[in-house]
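To keep things clear, I will list the structure first and then write my remarks on it.
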Amino acid sequence: MGQKIYTAIIADDEQLARESIKTLLQRRGNWQVVAEADTASKALKAVKVQNPDLLFLDIEMPGQNGIESLRSAKLTNWPNIVFVTAYNQFAVDAFELNALDYLLKPYSDQKFFKSLDKVEQRLEQNDQIATGEKLSKLLQHYESLFQAQPSPYTERFAVKSVGKIDIVPVDDVCFVQASGSYVELNTSLGKHLMNEPISKFEKQLDPSQFVRIHRSTIVKIKEVAELINHYNGEYIVKMRQGQELKLSRGYKKNLHKLLGSHI
């Protein structure tokens with residue numbers, strides 16, 4: 001008996017991204033790409049015609065994004081869907097829901113084939129009803145995200161490292177320090193390095209919880225244990241875990257405002 005062939009549609013506005021997925025599917029040998037699309041709406045039209053086993057769906061594309069298009073789609077037979085995204089927030093939410101899989105760009109070949117294995121197992125079990133239920137729950141979740149008025153500040157950070165993504169809740173961050181073009185997140189359990197300038201990183205933090213005390217340092221207010229006089233109008237900020245950080249004169253007003261100090 002011959003090997004079962006599965007069908008896939010690839011939706012991504014970047015041609016190189018589509019070619020990469022096609023190449024990886026060819027290596028597996030039992031997948032056929034029946035359509036490609038550079039927008040989510042085109043992809044869903046192709047799904048209605050081709051009824052594929054799997055849809056690789058990029059989230060951020062021209063026009064309606066992938067999530068919005070799924071919310072408005074009226075399909076009777078849902079394919080398995082693997083989200084492809086470079087946007088951490090969607091990836092983290094999908095990971096926590098454990099409803100459908102995702103590929104966070106840039107992804108490794110190992111991550112791709114692990115995701116493909118999950119899809120093939122689902123197809124072998126003929127679990128289409130369960131797939132539809134999971135997709136429905138995921139769409140409801142995203143719909144609540146779109147309808148709600150979310151906080152403009154980040155609640156967690158997805159920190160990429162070799163072979164994995166560490167999820168760091170903002171509540172765990174004690175202070176942040178710049179290290180060249182990177183920022184170092186210091187938590188009670190260790191350190192995490194993110195490739196992002198501190199000026200951009202600061203905009204993701206709630207200013208009622210965090211304060212910048214130096215051009216290279218941001219601290220969580222409730223983690224500050226003591227202020228020690230230094231010199232020339234500067235102070236040493238001692239953290240609850242014992243670290244001593246410098247408060248420069250240029251940022252002295254921030255501590256005035258957020259801590260209600262009378263320095």
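Any read-out appearing in this document is the output of simple, stated calculations on the displayed coordinates, not a laboratory observation. Computed from a predicted structure; not experimentally measured. Virtual Cβ from ideal backbone geometry, glycine too; neighbours counted across all protein chains shown.
General remarks:
- Restricting Thr39, Thr23, Thr85 to residues that are surrounded by fewer than 14 Cβ atoms within 10 Å (Cβ to Cβ), closer than 20 Å to Tyr102 by Cβ and of a type in the set (Ser, Thr, Tyr) narrows the list to Thr23.
- Members of region 184-200 that are touching a residue at least 24 places away in the same chain (Cβ under 8 Å), among the hydrophobic types (A, V, I, L, M, F, W, C) and in contact with a helix residue (DSSP H, G or I) (Cβ under 9 Å, 6 or more places away or on another chain): Leu185, Met194
- Scanning region 180-191 for residues that are surrounded by fewer than 19 Cβ atoms within 10 Å (Cβ to Cβ) and in contact with a strand residue (DSSP E or B) (Cβ under 7 Å, 6 or more places away or on another chain) returns Tyr182, Glu184, Thr187, Ser188, Lys191.
- Selection of first residues in region 237-253 that are without any contact (Cβ under 8 Å) to a residue 24 or more places away in the chain and of second residues that are among the basic types (Lys, Arg) and surrounded by 15 or more Cβ atoms within 10 Å (Cβ to Cβ), restricted to Cβ pairs under 8 Å at least 6 apart or on distinct chains, gives the following pairs, ordered by first then second residue: Glu244/Lys238.
- Within region 29-85, the set of residues being among the aliphatic types (A, V, I, L, M), assigned to a helix (DSSP H, G or I) and touching a residue at least 60 places away in the same chain (Cβ under 8 Å) comprises Ile67, Leu70.
- Elements of the type strands (runs of 3 or more DSSP E) sitting completely within region 190-248 and holding at least 1 residues that are among the hydroxyl-bearing types (Ser, Thr, Tyr) and more than 17 Å from Val168 (Cβ to Cβ): these cover 217-220, 235-239.
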